1. Could you figure out which of (1) at pLDDT below 95; (2) surrounded by 16 or more Cβ atoms within 10 Å (Cβ to Cβ) isn't true of Val248?
2. Looking for something of a type in the set (S, T, N, Q), over 17 Å from Met344 (Cβ atoms) and in contact with an Asp or Glu (Cβ under 8 Å, 6 or more places away or on another chain) - is there at least one such residue anywhere in segment 75-91?
3. Applying the selection to segment 218-236, what residues are within 17 Å of the chain's Cα centre (by Cα) and more than 12 Å from Leu353 (Cα to Cα)?
4. Could you please give the count of residues in segment 26-44 that are crowded, with 16+ Cβ neighbours inside 10 Å, modelled with pLDDT of 95 or more and assigned to a helix (DSSP H, G or I)?
5. Helices (runs of 4 or more DSSP H) wholly in segment 124-219 with at least 1 residues that are under 24 Å from Leu235 (Cβ atoms) and without any contact (Cβ under 8 Å) to a residue 60 or more places away in the chain - which ones?
6. Every residue in segment 251-285 that is part of a strand (DSSP E or B) and buried (at least 19 other Cβ atoms within 10 Å of the Cβ), please.
7. Scanning for something within 21 Å of Pro168 (Cβ to Cβ), in contact with a strand residue (DSSP E or B) (Cβ under 6 Å, 6 or more places away or on another chain) and crowded, with 18+ Cβ neighbours inside 10 Å, does segment 226-245 turn up at least one residue?
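The values are calculated or read from the model by the stated rules, or taken from the named source; none is laboratory data. Source: prediction; values computed, not measured. Neighbour counts run over all protein chains shown; Cβ positions are idealised from the backbone, glycine included.
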Amino acid sequence: MLRILRFLTAGESHGPALLTILEGLPAGLPVDPAALNAELARRQRGVGSGPRMRIERDRAEILSGVLEGHTTGAPVALRIVNRDHAKWRGRPIPPFTAPRPGHADLSAALKYGYRDLRPALERASARETAARVAVGALAKQLLAALGITVGGYVRAIGPVEADLSAIPLAERPARAEKHPTRCPDPQAAQAMQEAIEEIIRRRDTLGGVIEIVALGVPPGLGSHVHWDRRLDARLAAAVMSVQAIKGVEIGPAFANARLPGTQAHDPIRQQGRRLVRPTNRAGGIEGGISNGQPIVVRAAMKPIATTLTPQPTVDLAAGAETPTHYERSDFCPVPRAVPVLEAMVALVLADALLEKLGGDTFDELQTRLAALRQPRLDDLPQDGTPHIFWPDDTWEDTP
């Protein structure tokens, strides 16, 4: 998934802290700790959150890899303290033996042989995404310094869908931040909030659809040559790795699947010596390679598994059917998931950019990026003559 950058997270939901290490950033990148912590604050905001968000005050402590406000080229280590840990430290915790449908509880117990499900739910918890947002914030700072922005918003919550046809793509993320549902369509945002409030009264949960947009991405990131270098595959894998995400599409992929081919693709036009695309149904990626158009990634988030209304399960210790036990959680995490998905998309794009440009310092990156341009006819020297790609003597027919 990542080829130049690499990050690991560690920590439990109610443990002392979350730790993360990001390796591969070039030396000399300016780092703004306030902007990093602003991303963590965004992750904590959103209608439908559970009570945990009233406890935590997430801030990332930079432990290494940044000196005098700039990266050194060494791994960057970050720590985020769990304030809620104080309530758990030093006290006996009753065993958790009734797995929740849709959670990692049962599958992790089958894999690792847990006698108590607590280790599964502690590590599988979406609390881990705070660490992802922190390293993603560094990737966003790298991209922003090179003229690339990554933003996101909510397209749907439950049955409520936004109408974004009249809102320019570049304006949607900023408009979304004005409402606690993170939806740029004001009417839909209000209806989404009402749907969340209703689901809370019904002691249930809601999922939805999130869209992430990257602007200013140059052409040429990714590759068609190998399956694991395709940019769309790398983005899909990163987004699918986020807790509760069960589906991904690049651009309007599922709508395209219902169209004839003559309507599903983006025409190539000539404007002077430049090549332009009047539409973006490919979502900015063709053949696994960025084409210079905005990159659009959509993700489907399921209603989370922890519900106030009990669901049928089996107590693995008692060997009898029982209703699920409620473990404090969100009612609708969709608005809060927006900065998490932004972080994962930013990490993949930053990685692909570093792979394309190379270099050990930020100054080298800036110089090399200037050479990447929107495609022009002058960049594509086609001579129009036939070529023999496979000579007759390259293959002998099997008798």
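1. (1)
2. Restricting attention to segment 75-91, the residues satisfying the condition of being of a type in the set (S, T, N, Q) are 82.
Keeping just the survivors that are over 17 Å from Met344 (Cβ atoms) gives 82.
Cutting the leftovers down to in contact with an Asp or Glu (Cβ under 8 Å, 6 or more places away or on another chain) gives us 82.
Yes.
3. Arg230, Asp232, Ala233, Arg234, Leu235, Ala236
4. Step one: list which residues in segment 26-44 are crowded, with 16+ Cβ neighbours inside 10 Å, which gives 26-29, 31, 36-37, 39-40, 42-44.
If we keep only those that are modelled with pLDDT of 95 or more as well, we get 26-29, 31, 36-37, 39-40, 42-43.
Filter again for assigned to a helix (DSSP H, G or I), leaving 36-37, 39-40, 42-43.
Selection size over segment 26-44: 6.
5. On the way: elements: 129-145, 172-176, 186-201.
By residue number, 129-145, 172-176.
6. Restricting attention to segment 251-285, the residues satisfying the condition of being part of a strand (DSSP E or B) are 269-271, 274-276, 285.
Scanning segment 251-285 gives a single hit, Ile285.
7. no
Here's the yes/no breakdown for (1) of a type in the set (Phe, Trp, Tyr); (2) at positive phi; (3) surrounded by fewer than 18 Cβ atoms within 10 Å (Cβ to Cβ):
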residue	(1), (2), (3)
Gly73	no, yes, yes
Leu78	no, no, no
Gly90	no, yes, yes
Ile93	no, no, yes
Tyr112	yes, no, yes
Ala120	no, no, no
Gly136	no, no, no
Gln141	no, no, no
